[in-house]
Amino acid sequence: MARYSVNNNTRFNGDHEVHELGCSFMPTDNRTYLGEFSSCRPAVTEAKKHHNQVNGCYYCARDCHTQQSHSTHRFHADLKELRDLSKATPHGD
C-alpha cells in the first residue's frame, strides 16, 4: 500500500496531479492527502472527488498518467538542463 496526495495547484493544462508520498514532484504544501491505496487508480478516483481534472504523475503514478502532461515534464527537464549547461559554459565576457 502506498500513500497518495493530489496537488491542489493546477498544471498549465488544468490537471491536478496525483503523487505517491516521496515523489520529488509532489508539492510540499497546497496538497490534499488522499489516503493509502494499492495502486494509483483508486487514488485518482479519490482525487476526482476534490477536482474535476486529475492526472497521475509521470514519475510516480505512471499507470495513471496521460501523455499530454509528460511532454511538459520533459520540457521542464530539458529547460533545466539547458540552464545548467549555460551556467557551466564560459561566456566570452
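What follows draws every value from the coordinates through simple rules; no lab data is involved. Here the structure is a predicted model, which means the values were calculated and not measured.
For the stretch 1-41, the direction-averaged projected area of the alpha-carbon convex hull comes to 2.9 nm². Working from Cα pairs under 8 Å separated by at least six residues, relative contact order for the stretch 1-72 is 32 percent.
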